[in-house]
Amino acid sequence: RRVIATARIAGASSGGIVRSAVVSAGRDNGVAVGQPVRVGTGLVGRTVEVGASATRVLLLTDANSRVPVTIVRTGQSALVVGASRALVEVRERGGAEVPLVAGDRLVTSGDGGVFPPGIPVAIVIDGGSEPPLARPVVNPAGLGTVLIEAAYLPVPALAPETSQTAAVPRE
């Protein structure tokens, strides 16, 4: 895991739909869109807008947040989805016939390439609800400093266009 920047949370919103934070690091510090944001205890979210010296972070609890996870007890894959409230939902579980139980730990799976595997994300508090509910490991309220890391498997840059082109045959 490569830390790009250490940043202070400069502000946060917790409106009805958007749950985000602004941190005091940006493009000038090497930050880019799509990088994981975390603290030592777990995942906070990911970068979604980057300015020269500040970055907006989409928190786990935002309705637009999706994080591929592994259920530690069973090894099943799932998706943690923000619900614009303090809890997150556990969806798209592989092997859903094995019920979740309160206390099941959810960690990043590495699927999708943004988040490296093994970062704590949430703990199931109600495995019987539909969808099951979990509490994020990290409460963004009161966080002082976060780490912004390089994406686990960054999207490769497109090759620059060359001046040589090949004709496409007509059919």
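The values are calculated or read from the model by the stated rules, or taken from the named source; none is laboratory data. As the structure is a computational prediction, the values presented were derived from the model and not from experiment. Ideal geometry is used to build each Cβ from the backbone, glycine not excepted, and the neighbour counts take in all protein chains shown. Accessible surface is based on the protein model in full, side chains and every heavy atom, while ligands, DNA and RNA are left aside. Shrake-Rupley method; radii C 1.70, N 1.55, O 1.52, S 1.80 Å.
Only one of (1) assigned to a loop (DSSP other than H, G, I, E, B); (2) surrounded by fewer than 19 Cβ atoms within 10 Å (Cβ to Cβ) is not met by PHE115, so which one is it? (2) is the only condition that PHE115 fails.
Restricting attention to region 139-151, the residues that are over 11 Å from the mean Cα position of the chain (by Cα) and outside any strand (DSSP E or B) total 7. In the set (1) out of contact with any Ser or Thr (no Cβ under 6 Å at 6 or more places or on another chain); (2) farther than 25 Å from PRO131 by Cα, ALA7 fails one condition alone, (1). For LEU43, the conditions (1) of a type outside the set (Gly, Ala, Ser); (2) modelled with pLDDT of 95 or more; (3) over 15 Å from the mean Cα position of the chain (by Cα) are fulfilled apart from (3).
Each residue in region 58-79 was checked for being under 14 Å from the mean Cα position of the chain (by Cα) and under 17 Å from THR41 (Cα atoms), and 6 of them qualify. For VAL124, the test of being outside any loop (DSSP other than H, G, I, E, B) and either open to solvent by 30 Å² or more (accessible area, probe 1.4 Å) or closer than 23 Å to ALA151 by Cβ (or both) is failed. Beta carbons closer than 7 Å, at least 6 apart along the sequence or on distinct chains, pair a first residue in region 93-117 that is of a type in the set (Lys, Arg) with a second that is open to solvent by 50 Å² or more (accessible area, probe 1.4 Å) and in a loop (DSSP other than H, G, I, E, B) for ARG105/VAL72. I'd like the full set of residues that are touching a strand residue (DSSP E or B) at 6+ places or on another chain (Cβ under 8 Å) and among the polar types (S, T, N, Q), limited to region 69-102. Within region 69-102, THR70, GLN76, SER77, SER84 qualify.
Can you name the residue in region 93-138 that is among the β-branched types (Val, Ile, Thr) and more than 27 Å from ILE9 (Cβ to Cβ) and, of all such residues, is farthest from the chain's Cα centre (by Cα)? Filtering first and then ranking leaves VAL98.
Mind checking whether some residue in region 75-85 is under 21 Å from GLY144 (Cβ atoms), modelled with pLDDT under 95, among the small types (Gly, Ala, Ser) and out of contact with any Phe, Trp or Tyr (no Cβ under 6 Å at 6 or more places or on another chain)? The answer is no; no qualifying residue exists. Of the residues making up region 127-138, those that are in a strand (DSSP E or B) and surrounded by fewer than 24 Cβ atoms within 10 Å (Cβ to Cβ) are LEU133, ARG135. Test of understanding: among VAL18, VAL31, VAL3, which residue is modelled with pLDDT of 95 or more and of a type outside the set (Asp, Glu)? On inspection, the qualifying residue turns out to be VAL31.
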